[in-house]
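The values are calculated or read from the model by the stated rules, or taken from the named source; none is laboratory data. Computed from a predicted structure; not experimentally measured. Cβ coordinates were reconstructed from backbone atoms using ideal geometry, including for glycine residues, and neighbour counts include every protein chain displayed.
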Amino acid sequence: MLGLDEELINKIFMTSPMHDIGKIGIPDHILLKPGGLTADEWEIMKEHTSMGAKILGISKSPYLKTGAEIALNHHERWDGEGYPHGKRGKDIPLAARIVNICDIYDALRSKRPYKPAIDHPRTMEIITCGNSRNQPEQFDPVIFTLFRQNHQSFRDIFAAYLV
Ligand SMILES: [Fe+2]
């Protein structure tokens, strides 16, 4: 949809499933906690981004370099309110800006220890109108527009891989 070259598309396709690999370094009592996290626990949780980048960044593979970039930046926000570095706009690598909105869609649709799964229409409402955790300003506006225009594809892909 963005007209990216095939190589970058492949890199994102191959490495985006590893975006949260740094979570292997987060203690289970934080990772699996049913309720909200304390401020200290949240600071530890945020480290999954830099830990993932460290794990993937060791490799010389250009694929895993993109994977490391995605792992480090997938919680950064266009409005600068993300983590771990509070990067803003195009300072956030494009691959990570793409994975960010996909990750949020997937997180909302999926059951988590602290929340039930949410259906597609309600998920679209949250992403487009915002809630306590998400605001539309956090997304790259071009990617956000394409996401809204093609939201049925996201619904269909999610349904196809639902286990
Ligand atoms: Fe993450």
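Quick notes on this one:
- Leading residue by the ranking (modelled with the lowest pLDDT) among those in the stretch 116-163 that are among the basic types (Lys, Arg) and within 17 Å of the chain's Cα centre (by Cα): 133
- So residue 51, is it within 12 Å of the ligand (Cβ to nearest atom) and under 16 Å from the mean Cα position of the chain (by Cα): yes
- When we screen 47, 41, 69 for residues that are surrounded by 20 or more Cβ atoms within 10 Å (Cβ to Cβ), modelled with pLDDT of 95 or more and farther than 27 Å from residue 159 by Cα, the only hit is 69.
- Checklist (1) modelled with pLDDT of 95 or more; (2) under 23 Å from residue 145 (Cα atoms); (3) of a type outside the set (D, E, K, R) applied to residue 1, failing item: (1)
- Residues that are under 30 Å from residue 130 (Cα atoms) and of a type in the set (Ser, Thr, Tyr), drawn from the stretch 53-88: 66, 83
- Among the residues listed as 38, 66, the single one being away from the ligand (no atom under 14 Å from the Cβ), farther than 19 Å from residue 86 by Cβ, polar (S, T, N, Q) and in contact (Cβ under 8 Å) with a residue 24 or more places away in the chain: 66
- Cβ pairs under 9 Å, 6+ apart, first in the stretch 143-156 and within 14 Å of residue 78 (Cβ to Cβ) and without any contact (Cβ under 8 Å) to a residue 60 or more places away in the chain, second of a type in the set (Ser, Thr, Tyr) and buried (at least 17 other Cβ atoms within 10 Å of the Cβ): 147/105
- For the stretch 19-32, filtering for residues that are away from the ligand (no atom under 13 Å from the Cβ) and assigned to a loop (DSSP other than H, G, I, E, B) leaves 2.
- Meets criteria (within 14 Å of the ligand (Cβ to nearest atom), at pLDDT 95 or above, out of contact with any Phe, Trp or Tyr (no Cβ under 6 Å at 6 or more places or on another chain) and farther than 24 Å from residue 137 by Cβ) for residue 16: no
- Taking the criterion of being assigned to a loop (DSSP other than H, G, I, E, B) and either among the small types (Gly, Ala, Ser) or surrounded by fewer than 11 Cβ atoms within 10 Å (Cβ to Cβ) (or both), the residues of the stretch 132-163 that qualify are 132, 133, 161, 162, 163.
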